Amino acid sequence: MVTLSTARENLKSARRIVIKVGTSTLAHADTGKLNLYRIEHLIREIADLHNAGKEIIFVSSGAIAAGMNKLGIKIKPQTVPENQALAAIGQGVLMHIYEKFFAEYGQTIGQILLTKENSVDAHAREHCRNSLKTILDMGAIPVVNENDAVAVDEIKIGDNDNLSAIVAAMMNAEVLIILSDIDGLYDKNPNVDKSARLLDEVAEIDSDIERIAGGAGTKLGTGGMFTKIQAAKVATANGVTMLIVNGATNGNLRRVLNGESIGTIFPKKVT
């Protein structure tokens, strides 16, 4: 196991980085509408990291929320067809916004939509890896999401926390940064217990850590802290250091990649 000090220091030299952003960061909590201020500042940070020579893979949630926003739907539907339709509508809306903002900062993006088949079937996995690598080699930024418009339970990964970890492992990324609506993993629920303490590092994911993580996410998203812990297991076992960082604070990406002690870090396992 890499030590905390070494893991933080190694972030400074990381070149291939997967950044995952959740719906709770992309949308306003009260209205569910897209938070354009937050999205633009996030894209500007990513564009600047790319300008600095980093290879960035951007895993983005938010398609269903964007579809809800487009159609004026306030409560997330429960049926599969309705959510698939919203994802199909919202994915175009989201990519239009990303294309506009990334272009303003001189960046080219390419969309990749994945299902579980792309991670478990060796042939499909190799084609996916080659596609992502070629986009990176062309100097563009892949924008990845699950193909919610057609995916059903049999082929769904289920949440973009785990999707981002699968992508990070597949692409031999050095770092996975999950941007959340909270500063990191706490030893208790900070919403109900004021004595809750932010954990700087989780060296080993055991039953206590899983218990702390709990379960439910937001009304717009699909996962809570528990899915992030699942993602950390996948990432660290495949040689990827993972961090949970607050996505609402401008500059956090650069700060964490400069080795500052923000968020919770899960150091990669070394065999």
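Within the range 209-217, the presence of at least one residue that is at pLDDT below 90, outside any helix (DSSP H, G or I) and surrounded by 15 or more Cβ atoms within 10 Å (Cβ to Cβ) is confirmed.
What tally of residues in the range 172-201 results from selecting those that are part of a strand (DSSP E or B) and either among the charged types (D, E, K, R) or under 24 Å from Lys12 (Cα atoms) (or both)? Residues meeting the conditions: 8. Scanning the range 32-83 for residues that are among the basic types (Lys, Arg) and farther than 18 Å from Ala14 by Cβ returns Lys33, Arg38, Arg44, Lys70, Lys74, Lys76.
Is at least one residue of the range 122-140 of a type outside the set (Gly, Ala, Ser), part of a helix (DSSP H, G or I) and modelled with pLDDT under 90? Walk me through how you get there before you give the answer.
In the first step, residues of the range 122-140 are kept if they are of a type outside the set (Gly, Ala, Ser); the result is 123, 125-130, 132-138.
Going one step further and asking which of them are part of a helix (DSSP H, G or I), we end up with 123, 125-130, 132-137.
Within this subset, residues satisfying the condition of being modelled with pLDDT under 90 are 123, 125.
Among the residues of the range 122-140, at least one is of a type outside the set (Gly, Ala, Ser), part of a helix (DSSP H, G or I) and modelled with pLDDT under 90, which makes the answer yes.
Residues of the range 176-193 that are touching a helix residue (DSSP H, G or I) at 6+ places or on another chain (Cβ under 6 Å) and open to solvent by less than 40 Å² (accessible area, probe 1.4 Å): Leu176, Ile178, Leu179.
Here Glu82 passes the criteria (1) surrounded by fewer than 21 Cβ atoms within 10 Å (Cβ to Cβ); (2) among the acidic types (Asp, Glu); (3) in contact (Cβ under 8 Å) with a residue 40 or more places away in the chain except the one numbered (3).
Restricting attention to the range 25-51, the residues being buried (at least 16 other Cβ atoms within 10 Å of the Cβ) and hydroxyl-bearing (Ser, Thr, Tyr) number 1.
Just so you know, in the range 66-117 the residues that are of a type in the set (A, V, I, L, M, F, W, C), under 18 Å from the mean Cα position of the chain (by Cα) and not in a helix (DSSP H, G or I) include one that is modelled with the highest pLDDT, and it is Ile109. Within the range 249-271, how many residues are touching a helix residue (DSSP H, G or I) at 6+ places or on another chain (Cβ under 8 Å), open to solvent by less than 70 Å² (accessible area, probe 1.4 Å), part of a loop (DSSP other than H, G, I, E, B) and farther than 17 Å from Ala169 by Cα? Residues in the range 249-271 being touching a helix residue (DSSP H, G or I) at 6+ places or on another chain (Cβ under 8 Å), open to solvent by less than 70 Å² (accessible area, probe 1.4 Å), part of a loop (DSSP other than H, G, I, E, B) and farther than 17 Å from Ala169 by Cα: 5 in total.
Within the range 230-244, the set of residues being surrounded by fewer than 23 Cβ atoms within 10 Å (Cβ to Cβ) and of a type outside the set (Lys, Arg) comprises Gln230, Val234, Ala237, Asn238, Gly239.
Restricting to the range 33-60, count the residues that are among the acidic types (Asp, Glu) and at positive phi. Spell out the reasoning first.
In the first step, residues of the range 33-60 are kept if they are among the acidic types (Asp, Glu); the result is 40, 45, 48, 55.
This time we only want the ones that are at positive phi, so: none.
Counting residues in the range 33-60 that are among the acidic types (Asp, Glu) and at positive phi gives 0.
Could you say whether any residue in the range 240-256 is in contact with a Pro (Cβ under 6 Å, 6 or more places away or on another chain) and more than 28 Å from Ser119 (Cβ to Cβ)? Spell out how you get there, then give the answer.
Residues of the range 240-256 that are in contact with a Pro (Cβ under 6 Å, 6 or more places away or on another chain), as a first pass: 241.
Among the residues that remain, those that are also more than 28 Å from Ser119 (Cβ to Cβ) are: none.
Among the residues of the range 240-256, not one is in contact with a Pro (Cβ under 6 Å, 6 or more places away or on another chain) and more than 28 Å from Ser119 (Cβ to Cβ), which makes the answer no.
For the range 226-270, a residue qualifies if it is without any contact (Cβ under 8 Å) to a residue 12 or more places away in the chain and either in contact with a strand residue (DSSP E or B) (Cβ under 8 Å, 6 or more places away or on another chain) or hydroxyl-bearing (Ser, Thr, Tyr) (or both), and exactly one does: Thr249.
The values are calculated or read from the model by the stated rules, or taken from the named source; none is laboratory data. Note that this is a predicted model, so its numbers are computed, not measured. Positions of Cβ are generated from backbone atoms using ideal geometry, with glycine treated the same way; all protein chains shown enter the neighbour counts. With ligands, DNA and RNA removed, areas are computed over all heavy atoms of the protein, side chains included. Shrake-Rupley method; radii C 1.70, N 1.55, O 1.52, S 1.80 Å.
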